[in-house]
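Notes follow once the structure below has been shown.
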Amino acid sequence: MQQILFFFQKFKYFLFFLFLEFIVLSFTFNNLNFHKSKFVNSANSITGAVYTILANSSEYLELKKLNEQLSKENTRLKNLFAHNKLISTEDSIVIDTTKYYQKYTYTQAKIIKNSYSKPFNFLTINGGRNQGIDKEMAVVNSKGIIGITDQTQNLYTRVQSILNKNSRINARLKNSNYFGTLNWNGKDYRTVQLSDLPRQAPLKIGDTIETDGKSTIFPEGILIGTISKVNTGNTIDNKVDIKLFNDMSNLRYIYVIKNLHKEEIQSLENTFNE
Amino acid sequence: MNKNIRQSLFFLFLLFLQVLVLNNINFLGHINPYLYIAFIFLYPLKEKRFTFLFLSFILGLCVDFFSDSGGIHAFSTIFIAYIRLFFVKVYFRKITSDYSFFNLKSEAFGAVFNYVVTLTLIHHLIYFSFINFSLQNLSIVFSNTLYASVFTLILFFLGTYIFTKNK
């Protein structure tokens with residue numbers, strides 16, 4: 001007994017040091033698992049409030065650019081709307097509104113903390129459970145995809161960026177429906193990688209990549225980027241480099257997309273697996 | 001008491017300087033200085049180290065909260081906080097009775113330089129290894145460590161130079 005007490009007395013600092021390091025390591029490992037980090041994230045009310053103040057003040061410097069972006073998006077949507085109207089006036093098409101089910105809802109939010117220089121990047125947005133945002137929802141803006149929501153608090157949400165080595169998103173070629181997995185190798189924030197494409201898929205530099213509707217998170221046809229490099233060698237995973245439409249270092253307003261059919265689809269998929 | 005208030009103000013100053021300014025510099029795309037470890041260099045030496053280890057834990061964890069890095073900042077900060085005493089003994093040849101008189105400003109510049117450079121390199125190496133979290137891209141880890149260390153050291157020595165001249 002005396003010996004044990006002596007041991008503790010002698011190594012008390014070292015034991016305290018090990019104890020603290022152990023706590024911190026458990027936080028680190030939890031953080032690398034998708035939506036498992038309960039405690040250490042920037043979506044809590046204190047860090048969220050600090051980042052909101054910072055975002056509100058730095059927003060003034062980019063108002064001009066944001067306005068331009070908004071006007072461009074409005075133009076695109078108005079064109080789309082006018083196009084749809086033209087089709088619906090043709091007499092042979094009957095639109096039965098009682099059979100129409102809405103599949104997605106959009107919520108507007110603002111990025112208050114952005115990061116793109118690390119291998120595991122997360123963003124923080126100023127909307128949370130009070131705005132109906134939950135985990136595993138799509139985050140996009142007018143130019144393309146940004147990420148998936150990860151941790152939700154009442155007022156703030158943490159988003160796993162596509163610039164995160166854990167990120168896996170289902171994507172396809174726009175001109176042919178071959179699909180693969182979108183991931184990131186952690187090097188350049190302007191390019192991501194699309195892997196597991198079938199070998200016979202026709203790949204050309206400049207082809208557009210968009211999201212596939214097969215996951216329950218992203219709606220079909222949200223833009224991602226263009227192919228910038230094709231591997232001609234016989235690699236196992238048939239990787240292509242994709243240049244993103246979005247400048248991930250310069251983001252502000254985003255939309256969070258909620259899939260209203262998600263639970264139903266997931267319950268179906270689960271029964272199929274059993 | 002006055003000393004404690006000054007220490008806590010210094011703590012908060014370094015924390016907010018780090019998370020609000022220095023984390024957003026992104027020099028050449030990705031290089032950021034991590035100046036908050038100046039707290040570890042400048043905290044007075046004491047025989048009882050529980051407060052110091054705990055404060056470095058809190059400081060690292062606060063930076064982690066803001067930068068979404070799990071516990072990586074805290075891990076590397078506690079590590080250099082623990083081994084600080086070893087390097088004080090090596091570079092300044094101090095024994096336990098000298099601790100209360102120890103002040104970084106009164107020491108020779110060469111020894112201070114070695115002490116700060118060693119701790120900074122160790123901190124940054126641990127930090128970038130954990131940030132990378134794989135055995136691939138090791139060259140990126142080393143180059144990031146080097147660039148960020150140079151950045152941090154320039155800021156640290158510039159800061160100490162400016163603040164000592166004012167007195």
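Bear in mind these aren't lab numbers, they're just calculated from the coordinates by the rules spelled out. Model, not experiment: these values are computed from the prediction. As a convention, Cβ positions derive from the backbone with ideal geometry for all residues, glycine included, and neighbour counts pool all protein chains shown.
Each Lys and Arg adds +1 at its Cβ and each Asp and Glu adds -1 at its Cβ; summed about the Cα centre, region A:160-274 shows a dipole of about 460 debye.
Taking other residues whose beta carbon is less than 11 angstrom from the beta carbon of residue A:163, and scoring Lys, Arg as +1 and Asp, Glu as -1, yields +3.
Ordering A:58, A:226, A:69 by Cα displacement along the dipole of chain A toward the positive end leaves A:58 in first place; charges were set at the Cβ atoms of Lys, Arg (+1) and Asp, Glu (-1). In this rough spin-label picture, where each label sits 7 Å from Cα along the Cβ direction, the residue A:71-residue B:96 distance is 7.4 nm. Checking every one of the trypsin sites (Lys or Arg not before Pro) in region A:177-274 against DSSP loop status and a limit of 14 other Cβ atoms within 10 Å picks out A:187, A:199, A:204, A:214.
Debye-formula intensities of the protein assembly as shown, expressed as log10 I(q)/I(0) at q = 0.11, 0.13 Å⁻¹, are -0.95, -1.21 (one equal scatterer per alpha-carbon, no solvent).
Checking every one of the trypsin sites (Lys or Arg not before Pro) in region B:2-66 against DSSP loop status and a limit of 10 other Cβ atoms within 10 Å picks out B:48. What the Cβ-Cβ distance of residue A:11 and residue B:58 gives, at R0 = 35 Å and to the nearest 0.05, is a FRET efficiency of 0.95.
Centre-to-centre separation between the Cα atoms of region B:1-64 and those of region A:195-274: 41 Å.
Given DSSP loops and a limit of at most 12 other Cβ atoms within 10 Å, what is the longest stretch of chain A that contains no such chymotrypsin sites (Phe, Trp or Tyr not before Pro)?
In short, A:102-274.
Projecting the Cα atoms of B:153, B:44, B:138 onto the charge dipole of region B:25-167, computed from C-beta unit charges around the Cα centre, puts B:44 farthest toward the positive end. Taking the centroid of alpha carbons for each part, region A:123-152 and region A:43-85 are 14 Å apart.
Only Lys, Arg, Asp and Glu carry charge here, each on its Cβ (+1 for the first two, -1 for the last two); on that basis the protein assembly as shown has a dipole of about 1480 debye about its Cα centre. Kirkwood hydrodynamic radius, computed over distinct alpha-carbon pairs, for chain B: how many Å, to one decimal? With all distinct Cα pairs of chain B included, I get 16.5 Å.
Once R0 is set to 30 Å, what does the formula 1/(1 + (r/R0)^6) return for the Cβ-Cβ distance between residue A:269 and residue A:134, expressed as a FRET efficiency to the nearest 0.05?
Efficiency, rounded to the nearest 0.05: 0.95.
The residue A:2 and residue B:13 beta-carbon pair, evaluated with R₀ = 51 Å, returns a calculated FRET efficiency of approximately 0.65. When the helices of the protein assembly as shown are scored as -39500 (n - 2.57) per DSSP H run of n ≥ 4 and the total is divided over every residue, the value at 222 nm lands at -15000 deg cm²/dmol.
Listed cross-link partners A:165/A:204; A:143/A:214; A:214/A:239; A:65/A:118; A:110/A:187; A:78/A:229 are compared with a 23 Å cut-off, the Cα-Cα value being larger for A:165/A:204; A:65/A:118; A:110/A:187; A:78/A:229.
Grab the other residues whose beta carbon is less than 15 angstrom from that of residue B:141, score K and R as +1, D and E as -1, and report the net. After counting each charged neighbour, the total is +3.
Structure remark: mean-square fluctuation, Gaussian network model of chain A, C-alpha springs under 10 Å; the largest value among A:124, A:149, A:47 belongs to A:47. For a paramagnetic label modelled on residue A:101 (point 7 Å from Cα along Cα→Cβ), amide N atoms under 11 Å away belong, within region A:242-274, to A:260-265. Less than 5 angstrom separates the built amide H of residue A:144 from none of the residues sequence-distant by 5 or more or on a different chain.
For a modelled paramagnetic label at residue A:231, 7 Å from Cα along Cα-to-Cβ, the residues of region A:167-183 in reach, with backbone nitrogen under 20 Å, are A:167-173, A:178-183. The residues B:97, A:26, when put in order of fewest to most other Cβ atoms within 10 Å, stand as B:97, A:26.
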